[in-house]
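The values are calculated or read from the model by the stated rules, or taken from the named source; none is laboratory data. Because the structure is predicted, anything quoted here is derived from the model rather than measured. Cβ placement follows ideal geometry from the backbone for every residue including glycine, while neighbour counts extend to all protein chains displayed.
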Amino acid sequence: MIRNGLLAKLFSLVFAAFMLAPLVVVVGVAFTPEGFLEFPPSGISLRWFQAILDNPDFIDAAIVSLQLGAASATIATAICIPAGLAIGGGRFAGRDALQALFLSPLTVPTVVLGIAFLRFLSMMGLNGTFGGLVFCHVVIIVPFVLRLVLASVTGLDPSIARAATSLGADGWTVFRRITLPAIIPGVVGGWVLAFITSFDELTVTVFIVNPATTTLPVKLFSHITQTTDPLVASVSTVAILFTVALMLIVDRIYGLDRLLIGEGTR
Amino acid sequence: MAILELRDLTKRFGETVAVDRFTLSVEKGEFVSLLGPSGCGKTTTLQMIAGFETPTGGSIALNGRDLSKVPARARGLGIVFQTYALFPHMTVEENVGFGLEMRKVPADERKRRIAATLDLVHLSHLATRYPRQMSGGQRQRVALARALVIEPELLLLDEPLSNLDAKLREEMQLELRRIQQEAGVTTLLVTHDQSEAMALSDRIAVMQGGRLIQEATPFEAYDRPTNGFVSSFLGKSNAIDAHLEAGGAGTTQLRCGDIRLDAPASSHGPGAVLVSLRPERIEFCGAGEGIVSGTVVERVFLGDQWLFKVKTGLGELLVVRRNSGRREPEVGETVHLSWQAEHLRLLEAGSAA
């Protein structure tokens with residue numbers, strides 16, 4: 001164990017407080033009985049949580065966001081498993097170029113991506129459709145999934161696939177029984193990270209939604225530009241709770257440290 | 001009858017020749033080692049036998065069946081990898097049973113065979129553990145059990161002991177030999193560790209630069225190396241450059257600078273030779289009886305033996321003496337060395353590594 005000095009502990013504490021303070025404020029505001037953003041709240045009331053149910057727009061948007069997150073995370077993962085195995089497992093011509101291509105969305109400013117997607121989807125006649133949204137989100141979240149899958153693949157002993165082959169397994173069996181289970185922490189971690197990134201994405205999405213496919217972040221954003229009632233805080237609080245619950249479940253099953261630090265599987 | 005027949009096996013990677021017309025046959029039940037330094041082509045040879053590399057030329061036959069068109073998964077070989085390559089998400093039982101499962105062996109027979117093999121490697125009590133919960137030596141046994149349970153015609157061992165610490169390695173050498181003999185399985189070991197090859201094998205094939213240099217029993221390879229490389233790679237050896245000349249009355253003599261030595265009987269013709277002399281064949285003796293004398297420049301205590309480096313007219317010679325509790329010469333002391341001419345090995349000049 002590395003023992004931290006007092007200063008290091010203090011730094012960590014201040015840093016954690018800095019990260020969490022906005023969340024505490026949002027959650028605090030959500031419980032206010034008043035009709036405006038107030039912190040600390042003057043009382044405890046579930047009034048603004050009740051208000052969510054009276055605003056089906058928000059619920060619809062949340063459903064769109066959940067579906068969008070699940071669909072795009074799943075598609076991105078399905079792309080990144082073979083890509084990660086190829087890039088992490090072997091040397092071939094164009095390997096670096098392929099990796100750079102997959103990671104390139106990280107380097108393009110999201111506003112630029114948003115404008116580009118808007119043009120592209122209009123040309124394809126997909127503007128405002130759910131399919132168009134999924135397509136754009138897949139492009140944005142692929143780098144996240146690929147990074148985690150790659151971390152798992154590079155930690156993998158290439159001999160284990162050979163061992164399985166020597167014992168009589170064909171290519172598909174090796175993948176299904178040996179390789180995939182061995183990299184599953186990276187795959188699940190990548191999916192979760194991708195889901196959260198998609199669920200949270202605003203900058204690109206705001207360019208390409210229409211009223212029927214509005215996502216939760218876009219809905220919150222447009223709500224804030226019109227009114228400033230604590231409804232946004234209560235919706236955010238529910239979203240925070242949902243994310244925390246998702247993280248807890250994943251941590252229980254696979255261990256978050258392992259997933260996000262990418263320690264591999266051995 | 002030969003189980004494995006390698007004939008003129010060759011592998012080129014672009015310009016470099018990794019394995020060069022390598023020919024070897026392994027008899028049923030035999031334990032043969034491919035021994036050589038890293039980069040000598042031994043691992044490439046193993047990969048070709050296993051089916052993970054395609055030969056550039058030559059042939060591999062297993063039990064008379066040509067393997068060139070047989071994919072790796074259908075060769076039915078048991079392979080123990082250097083890293084053990086255990087499946088991390090499976091228990092010991094599941095690891096060992098994987099090959100049987102692939103062969104569609106019924107569950108009850110599978111269970112019986114897993115139990116029998118785990119018993120053979122003394123791991124029955126750890127059947128439900130995961131690899132990460134086990135020590136290096138135990139993982140090694142699992143890897144061995146996984147390869148043996150399919151009753152392979154040939155067991156391939158790729159540097160199986162190199163990841164273990166020295167003491168455990170010695171224990172596992174004996175274990176490996178016992179298991180191999182109990183299972184009666186024909187085995188090909190690839191290693192760079194000469195003591196491992198000598199301790200385990202019936203026969204050693206020494207490789208250098210992709211070629212087979214010598215193929216012999218461990219004793220023969222050590223005691224009668226045919227080549228300077230083999231003599232220096234197997235154990236310690238003194239290599240002396242000398243000239244073989246005719247002496248008086250039909251005898252031959254070795255000339256080494258100003259020093260003349262009695263030569264052993266050999267088929268070598270006159271000319272430059274490399275003389276190899278094992279350090280344990282040299283003795284200390286009285287002033288009058290020595291062949292050469294010199295000064296001790298280094299002395300190392302190894303517990304059961306002493307290792308001396310003695311500076312002589314023949315160059316620096318290594319001398320090994322059993323620790324018999326007597327006082328031994330110290331650094332700086334003058335010593336006289338003698339040996340019997342029959343212990344000298346005359347090898348081709350310039351064949352040292």
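Summary of values
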item	result
Single match in B:GLY57, B:GLY51, B:GLY29 (criterion: surrounded by fewer than 18 Cβ atoms within 10 Å (Cβ to Cβ) and more than 21 Å from B:GLN181 (Cα to Cα))	B:GLY57
Some residue of segment A:157-168 being away from every other protein chain (no Cβ under 11 Å) and in a helix (DSSP H, G or I)	no
Residues located in segment B:117-151, provided they are away from chain A (no Cβ under 13 Å), closer than 17 Å to A:ALA163 by Cβ and outside any helix (DSSP H, G or I)	B:VAL121
B:ARG7 touching a residue at least 24 places away in the same chain (Cβ under 8 Å), within 13 Å of chain A (Cβ to nearest Cβ) and in contact with a Gly (Cβ under 7 Å, 6 or more places away or on another chain)	no
Residue match in segment A:20-34 (condition: over 29 Å from the mean Cα position of the chain (by Cα) and assigned to a helix (DSSP H, G or I))	no
Segment A:126-144 residues that are assigned to a helix (DSSP H, G or I), paired with ones that are buried (at least 20 other Cβ atoms within 10 Å of the Cβ) and of a type in the set (Asp, Glu) (beta carbon under 7 Å, 6 or more apart)	A:HIS137/A:GLU201; A:ILE140/A:GLU201
Failed criterion for B:GLY286 (all others in (1) at pLDDT 85 or above; (2) surrounded by fewer than 17 Cβ atoms within 10 Å (Cβ to Cβ); (3) touching a His at 6+ places or on another chain (Cβ under 7 Å) hold)	(1)
Residue list for segment B:56-82, restricted to those being farther than 18 Å from A:THR179 by Cβ and facing chain A (nearest Cβ under 8 Å)	B:ALA74, B:ARG75, B:GLY76, B:LEU77, B:GLY78, B:GLN82
Test set (1) away from every other protein chain (no Cβ under 14 Å); (2) under 23 Å from the mean Cα position of the chain (by Cα); (3) modelled with pLDDT of 95 or more - B:SER38 fails condition number	(3)
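The rows are residues; the columns are (1) among the hydroxyl-bearing types (Ser, Thr, Tyr); (2) in contact (Cβ under 8 Å) with a residue 24 or more places away in the chain; (3) on the phi < 0 side of the Ramachandran plot.
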residue	(1), (2), (3)
A:VAL209	no, yes, yes
A:ALA212	no, yes, yes
A:THR215	yes, yes, yes
A:LYS219	no, yes, yes
A:PRO230	no, yes, yes
A:ALA233	no, yes, yes
A:THR243	yes, yes, yes
A:LEU248	no, no, yes
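Yes/no per residue for (1) of a type outside the set (A, V, I, L, M, F, W, C); (2) out of contact with any strand residue (DSSP E or B) (no Cβ under 8 Å at 6 or more places or on another chain); (3) more than 11 Å from chain A (Cβ to nearest Cβ); (4) within 27 Å of B:ARG178 (Cα to Cα):
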position	(1), (2), (3), (4)
B:SER25	yes, no, yes, yes
B:LYS42	yes, no, yes, yes
B:TYR84	yes, yes, no, yes
B:VAL96	no, yes, no, yes
B:ASP108	yes, yes, yes, no
B:ALA115	no, yes, yes, yes
